[in-house]
Amino acid sequence: MATEIVINTTREETRVAVLENRAVTELYIDRRKDQGIVGNVYKGRVVKVLPGMQAAFVDIGQERAAFLYVDDITVQTNDYARFLEETDDKPDGASRERAEEKTGKTADAPGAAEAVEAESPMTAAPPEEADDGEEPSGGEERAGREARETELRESERPKPRRSGSKSIEDMLQEGQEIMVQVTKEPMGTKGPRVTMYVSLPGRYLVLMPNVNHVGVSRRIGRDEERGRLKDLIYRLRKPGTGYIVRTVSEGMTEEEVRADMAFLDLVWKNILKKKEPGSAPLLLHNDLDLVFRTIRDLFTHKVDRLIVDSKPEYERIKEFVNTFMPDLSSRVELYDREESLFDNLEIELEISKALGRKVWLKSGGYIVIDHTEALTVIDVNTGRFVGRRHLEDTILKTNLEAVKEIAYQLRLRNIGGIIVIDFIDMERERNREKVYNLFQEALSKDRAKSRILRISELGLVEMSRERTREDLLRVMCEPCSYCEGRGYTKSPTTVCYELFREIRKVGTSPKNKKIIIGVHPDVANLLYDEERQSIDDLEREMHKKIIIKADSNLHIEQYDIVTL
């Protein structure tokens, strides 16, 4: 499978597209006026402790306070160890999976959890930038939901197992200064999500300061190589320091391990150096920008080429790659044609399609993607596809085709949280099993972790997908100012009948002889035409003259009534 990374940079924004066999599978956008903060490390101040939700809000200097859940708190750094599984070789379910999984963040750039590592957005700065980091999430009025969603989503970082003896009010007090790291960007009305478990991803390793634990990415399949890497880390690490060995580390040498360890150690020392004298809120570590996060987390030997359309960025990338991964230097290319890079590769067209509500399938069927406050709903329809002989075969073919497209759209649009998929109902159990198994296989290529329940009797699939950053729709769009995000407005007929009821209320006074109403032109046309008889009846009923005035400045649901 040919894999390419395409980088388009302008003064306003940077966009990164990942292509697999020329199809866009992932898209990252970083706008200069609204850059992400996942991976950033802050010295924050606790502004509110909520015992009822076992959470706290922390001021880190952002527009909204960050959300800190009780399971992301530790009082002393040596408490880290008790929250981590000591043997990543024998995972026993989701808790252990989380424990050895990632430790990095997930930024607005490449990445999303990789089996035991921090295979997601970047968090460690390059050697020339000793302090760098990035991305968040949280929220106040939705703090309760945020806490519940936490359990549904497979988090990438090691999760503590609560002993049940300590509550959040025993560990934090308002006004207390603490070090936190952003794990999720602010989303909608929610503030950033933070943790006190700081982790710093490098090229090959993820550093977990003061955590006595070594994990190896399960994507490194050979037991012999996993054992070699683990032994190497145990031999070279400082006592009490933890590391996650990332997938890209397969085959790495001792020299490369030492270099990555030295760099991450320097980053951590710089964070501690800034922490002591400063007062909260204070930025201690800023993650890499999107371009370098892409190089760090996505640019591996599996990538056939990396194309960039900016000469300055090209030179910056070449310098970085020549220094840290010289064997990949020949795969970096500068695009200098007149036609824009994204247009040339038809990426702009794919982005435009990704913002649509309806997605057509090759057979003639289609899927509809709707976003709600609590979840995303995907509906599968046969559309123009009528099949040949049997209805069940037609339905099965449509569902199987939809499965692949849904998995693709989830990655491309970066849809996270709770997702409900309404497949066309299938009578045969074996057909349901086929659809379920193919869906699992299609999602296996996704870096973001997901949890899928089997197809219900109603043909529904419930799943959750890790929410690492804002989905594409939220990044590029905003709720319609006209319908206020509802997706619909009242019909002119409904507005007319509301207007009639209002006229009957205000037109009872015998002093007034005229009623002047101002309405949207569409409503005015209806009143002049189909509802003309109703206006005449009202005039006779109320013994008043009703004058209609069209006003294009009014919203279709608005109207003005003046009595004279």
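The values are calculated or read from the model by the stated rules, or taken from the named source; none is laboratory data. This is a predicted model, so every value here is computed, not measured. Note that each Cβ is placed from the backbone with ideal geometry, even for glycine, and that neighbours are counted across all protein chains shown. Accessible surface areas use protein heavy atoms only, side chains included; no ligands, DNA or RNA. Shrake-Rupley method; radii C 1.70, N 1.55, O 1.52, S 1.80 Å.
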Fill in: the range 228-285 - percent of accessible surface contributed by carbon and sulfur, probe 1.4 Å
56 percent
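Direction-averaged shadow area of the convex hull around the Cα atoms of the range 287-412, nm²?
Dividing the Cα hull surface by four gives the mean projection, 11.6 nm².
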Worksheet item: What is the distance, in nm, between label points placed 7 Å from the Cα along the Cα-to-Cβ direction at GLU498 and at LYS353?
Response: 3.9 nm
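Over the range 490-539, what percent of the accessible surface lies on carbon and sulfur atoms, probe 1.4 Å?
Numbers: 1290 of 2680 Å².
Heavy-atom surface of the range 490-539 belonging to carbon and sulfur, 1.4 Å probe: 48 percent.
Kindly report the accessible area of the range 403-500 per residue (heavy atoms of protein chains, probe 1.4 Å, no ligands, DNA or RNA), in Å².
Values: 4900 Å² over 98 residues.
It amounts to 50 Å² per residue over the range 403-500.
May I ask you to give the percent of accessible area on the range 18-57 that is carbon plus sulfur, with a probe radius of 1.4 Å? Kindly include the intermediate steps, with their values, before the conclusion.
Working: 760 of 1620 Å².
C and S atoms contribute 47 percent here.
Send over a whole-number figure in Å² for the accessible area per residue of the range 225-327, probe 1.4 Å. Please list the in-between numbers first.
Values: 4760 Å² over 103 residues.
For the range 225-327, the per-residue accessible area is 46 Å².
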Worksheet entry | Over the range 213-367, volume per residue of the alpha carbon convex hull, in Å³ | 224 Å³
Worksheet entry | Label zone at GLU333 (point 7 Å along Cα-to-Cβ), backbone N below 15 Å, the range 290-306 | 303-306
Practice prompt. Could you go through the range 419-425 in sequence order and give the Karplus-derived ³J(HN,Hα) for each residue, using 6.51 cos²θ - 1.76 cosθ + 1.60 with θ = phi - 60°, rounded to whole Hz, and x for Gly and Pro?
Written response: 10, 10, 10, 9, 6, 5, 4
Worksheet item: In 10 Å bins starting at 0, how do the alpha-carbon pair distances of the range 204-262 split up by percent?
Response: 25, 62, 13
Worksheet item: Sorted by mean Cβ packing within 10 Å, highest first, what order do the peptides 431-440, 404-413 take?
Response: 404-413, 431-440
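Would you please classify the overall shape of the range 481-544 from the alpha carbon gyration tensor, given that a ≥ b ≥ c denote the square roots of the eigenvalues, rounded means a/c under 1.5, and beyond that prolate means a/b larger than b/c while oblate covers the rest?
Numbers: a/c = 2.74, a/b = 1.90, b/c = 1.44.
Here the range 481-544 falls in the prolate category.
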